[in-house]
Amino acid sequence: MSPSEKRPARLPSLTGLRFFAALLVFCFHITLANSPIPPNKAINPFADPGVADTTAWLFSKAGYVGVSFFFVLSGFVLTWSSRPGERVRSFWRRRVLKIFPNHLVMWAAAMLLFAAAITPWQSWLPNIFLIHSFFPQDVTYVGVNPPSWTLCSELLFYLAFPFLIGPMRRIPVRQLWWWMTAAVAAMVVVELITQFLIADTPRSPITPVSTLQFWFGYIFPPSRIWEFLIGVLLARIIHAGVWPRVRISHALLLMVLGYAAALVVPFLYGFTVATILPIVALIGAVATTDLNGTPTWLARPYARWLGEISFGFYLCQGVTVFYIRRLLGHEAGFGTPLAIAVIAMFLAITLVGGWLLYSLVERPVMNRWSRPRRREGAPVVTPVPEPTTA
């Protein structure tokens, strides 16, 4: 994308799609057999063992898919909306203001409500600065507000992007698919290293692998950089016009098949490897549908609104799902109809929490400080819409 090229079009359906990725994470969290918050008691509200086990199994990969989707989408939208020659400091300023205010609000809420009593300072201090997922101890990488671990990866992506985008733009069009293949292969290598070179003991209290394997194969930010790069490459492929025609319906079918594969492949390969190609297909199909001018319900105002609050919706789940569920008690669960009502209640609470974060924190901060104030007498420049990735 050279400076002389026309700026790419906006892709509103991708904003609407973001909410459903966050909803997958919610479904994963609300059906967990073990909470990431000590003493790791059950979150799943179903008392019937058959229903509890089925829902826990059915949604056991939903969170992994949702997070992987966000990482690929992050690389895609940053590349799609990037401006050659943009100052690095300006880019970093916007991205830091995008994630840190929401994070700090939820960090403070979690510390006040429960985390201060169970989290040593060696864990909560790196959490403030979003470097906690670089530490292999589970008390640190899922400490304080557990969903915030993904922001460490996002922060790494943002810091690296200004230095990556130049070389990525210089990849010849004919080589883009080869680089995409290499990035997917690198994801497989990460899990092979995790399986064969990382100690498989002691076991994690929330996964069937060791604490160290879960950290390296899923949490460690450099291990997740490949999904971000795949998003960058996908944006370039679509912009260059070498993306094959893929219908959204076909991409959704591929997502179902990929998810089914994630349920049966060895645990480590269900993190990202089994579903990465379906995620690429879905983002590519939705983006090209927007480019072709075909209307989708994902671009409607209510869907875009859900997409806009999805970051807050995701981030507040550490309090709304994990903490409030613990306050509710009834670890043995509820009858099936009441359990469904409990899930609906938690969904409503989390939606309200996401909306409050977006309305009272994220949007005001971005509107006020994401761009330098215009000097008096300077020409007015229409701001470029801020990509929503986190």
In the set Glu227, Glu191, the lone residue that is part of a helix (DSSP H, G or I), more than 16 Å from Phe157 (Cβ to Cβ), open to solvent by less than 60 Å² (accessible area, probe 1.4 Å) and of a type outside the set (S, T, N, Q) is Glu191
Name the residue that is nearest to the chain's Cα centre (by Cα), counting only residues in segment 72-108 that are surrounded by 17 or more Cβ atoms within 10 Å (Cβ to Cβ) and among the aromatic types (Phe, Trp, Tyr). Phe76
Name every residue in segment 202-222 that is touching a Cys at 6+ places or on another chain (Cβ under 7 Å) and either surrounded by fewer than 19 Cβ atoms within 10 Å (Cβ to Cβ) or without any contact (Cβ under 8 Å) to a residue 24 or more places away in the chain (or both), in order of residue number. none
Go through segment 203-252 and count every residue that is under 21 Å from Ala33 (Cβ atoms) and among the charged types (D, E, K, R). 1
Would you confirm whether or not segment 54-61 contains a residue that is without any contact (Cβ under 8 Å) to a residue 60 or more places away in the chain, touching a strand residue (DSSP E or B) at 6+ places or on another chain (Cβ under 7 Å), open to solvent by 10 Å² or more (accessible area, probe 1.4 Å) and not hydrophobic (A, V, I, L, M, F, W, C)? yes
From Ala260, Ala281, grab the single residue that is within 21 Å of Trp177 (Cβ to Cβ) and small (Gly, Ala, Ser). Ala281
So, of the residues in segment 123-151 that are more than 13 Å from Ile99 (Cβ to Cβ) and among the small types (Gly, Ala, Ser), which turns out to be surrounded by the fewest Cβ atoms within 10 Å (Cβ to Cβ)? Ser123
One residue is enough: does segment 23-34 have a residue meeting the conditions closer than 24 Å to Phe311 by Cα and at pLDDT below 95? yes
Looking at segment 367-379, is at least one residue at pLDDT 50 or above, in contact with a helix residue (DSSP H, G or I) (Cβ under 7 Å, 6 or more places away or on another chain) and either assigned to a helix (DSSP H, G or I) or open to solvent by 50 Å² or more (accessible area, probe 1.4 Å) (or both)? yes
Name every residue in segment 218-232 that is within 20 Å of Met180 (Cα to Cα) and touching a Ser or Thr at 6+ places or on another chain (Cβ under 7 Å), in order of residue number. Pro221, Arg224, Glu227, Phe228, Gly231, Val232
For the structure I just gave you, tell me whether Asn44 is closer than 30 Å to Thr140 by Cβ and surrounded by fewer than 22 Cβ atoms within 10 Å (Cβ to Cβ). no
How many residues, within segment 287-342, are touching a residue at least 24 places away in the same chain (Cβ under 8 Å) and either at positive phi or of a type in the set (Lys, Arg) (or both)? 6
Residue check: is Ala186 without any contact (Cβ under 8 Å) to a residue 60 or more places away in the chain, within 22 Å of the chain's Cα centre (by Cα) and under 30 Å from Gly241 (Cβ atoms)? yes
Trp177 being under 22 Å from the mean Cα position of the chain (by Cα) and surrounded by 13 or more Cβ atoms within 10 Å (Cβ to Cβ): no
Just checking, which of Ala183, Ala199, Ala262 is open to solvent by less than 60 Å² (accessible area, probe 1.4 Å) and outside any helix (DSSP H, G or I)? Ala199
Pull up segment 94-138, narrow it to residues that are out of contact with any Cys (no Cβ under 7 Å at 6 or more places or on another chain) and polar (S, T, N, Q), then point me to the one that is nearest to Trp369 (Cα to Cα). Asn102
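The values are calculated or read from the model by the stated rules, or taken from the named source; none is laboratory data. This structure is a prediction, so every number in the text was calculated from the model and none was measured. When we count neighbours, we look across all protein chains shown, and the Cβ atoms used for this are built from the backbone with ideal geometry, even at glycine. Surface areas here come from the heavy atoms of the whole protein model, side chains and all, with no ligands, DNA or RNA. Shrake-Rupley method; radii C 1.70, N 1.55, O 1.52, S 1.80 Å.
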